[in-house]
1. Compute the angle between helix 264-278 and the longest alpha-carbon principal axis of the chain, please, reported from 0 to 90 degrees and rounded to the nearest 10.
2. Under 15 Å Cα-Cα from LYS56, which aspartates and glutamates qualify once same-chain neighbours fewer than 8 residues away are excluded?
3. When the chain is treated as a GNM, springs tying every alpha-carbon pair under 10 Å, which of ILE58, ILE245, ILE175 comes out with the largest mean-square fluctuation?
4. Report, to the nearest 10°, how far helix 66-80 tilts away from the longest principal axis of the Cα atoms in the chain, using its own Cα long axis and a range of 0 to 90°.
5. Once you have a ≥ b ≥ c as the square roots of the Cα gyration tensor eigenvalues for segment 56-159, tell me rounded if a/c is under 1.5, and otherwise prolate or oblate according to whether a/b is larger than b/c.
6. In whole angstrom, how far apart do the alpha carbon centroids of segment 255-275 and segment 100-134 sit?
7. With angles folded into 0 to 90 degrees, how steeply does helix 44-57 sit against the dominant principal axis of the chain? Use alpha carbons for both and round to 10.
8. Whose amide H sits under 5 Å from the amide H of THR244, counting only residues 5 or more places off or on another chain, with H placed in the peptide plane?
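Please treat every number below as a calculation from the coordinates, not as lab data. On a predicted model such as this, the values are computed, not experimentally measured, just so you know. Reconstructed Cβ throughout: ideal geometry from the backbone, glycine too, with neighbour counts over all protein chains shown.
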Amino acid sequence: RIGYIRGEFVPLTKASIPVMDRGFLFGDGVYEVTAVIEGRLVDDAAHLARLERSLKEIGIVNPHTASQWTRLEEEIVRRNKLTNGLIYLQVTRGVAERAFKYKDGLVPTVVVFPQFSPVQYNPLTKTGARIITVPDLRWARCDIKSTSLLAQVLAKHAASQAEVSEAWMMRDDVITEGASSTAYIVTQHGDLVTRALSHETLPGITRQTLLRIAQDLKLRIVERPFTRQEVLDAREVFYTSASTIAIPVVEMDGVPVGGTKPGPVFEALYATYMQEVMQLTPV
Ligand code: PLP
């Protein structure tokens, strides 16, 4: 795999980062994950806009313009012949002697690399996924896509131990979001419910596109928190992320939920999403 590491395109096995990088020492950085489907960069402009916002929130000057970022991503697609997978990009505050306080004007460390993964050929899209619920152990600014991901590492490990695909995080009895996804239910009244944006969740880019599609399809969207019990009572349950687009949920904590197969609301949203992706111009 060829990555773009600190200004150069290099094989990932040859790449290295200084020990004093604040990303390594403090998790002092932010990241983005963008899907590549049949050679198309999915929701690219929106991911780059969120990157800009995350950087601003933690006081790092964006080292590239959106069009420079896109050119880097396209170069990664071409050099790796990446047809289906993900582009990971990360910006850290840079390299300095270890101290919590930082000086302005450090040179940010930029890393971009591909991951080969099936995205839209994920079998879970058809079969549905099993999930568990876990406590949400994160800090108070979950809207920043920070590389400090210990809570999510623990949540995903719990999911892996339980042999399920995702962990939904809860504060009290309310679902905040998935460890790496946005959570939704369709109620028995047919309302599509997901949380409103706040500091408690990441503003999902897939969520943004999916809700616009839901609006186009004239679905009733209700942005509000929902409880674990509401998931058990829901007609449909699913989650979204760039790395999966959308996955239906058929079991939570060992209990069947949302029917035994993908529901009609999920199917309509997913099909439309993929149709729109295929209208994009390939790299
Ligand atoms: N919520 C969290 C905590 C995430 O880590 C992610 C993605 O990794 C999402 C939601 C989904 O966001 P997106 O649709 O932008 O991938």
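1. 30 degrees
2. Of all the aspartates and glutamates, those that pass the test against LYS56 - Cα under 15 Å, at least 8 places apart if same chain - are ASP28, GLU32, ASP104, ASP143.
3. Result: ILE58 has the largest fluctuation of those listed.
4. So the helix axis and the longest Cα principal axis differ by about 90 degrees.
5. oblate
6. The distance from the Cα centre of segment 255-275 to that of segment 100-134 comes to 23 Å.
7. The helix 44-57 is inclined about 70 degrees to the chain.
8. none
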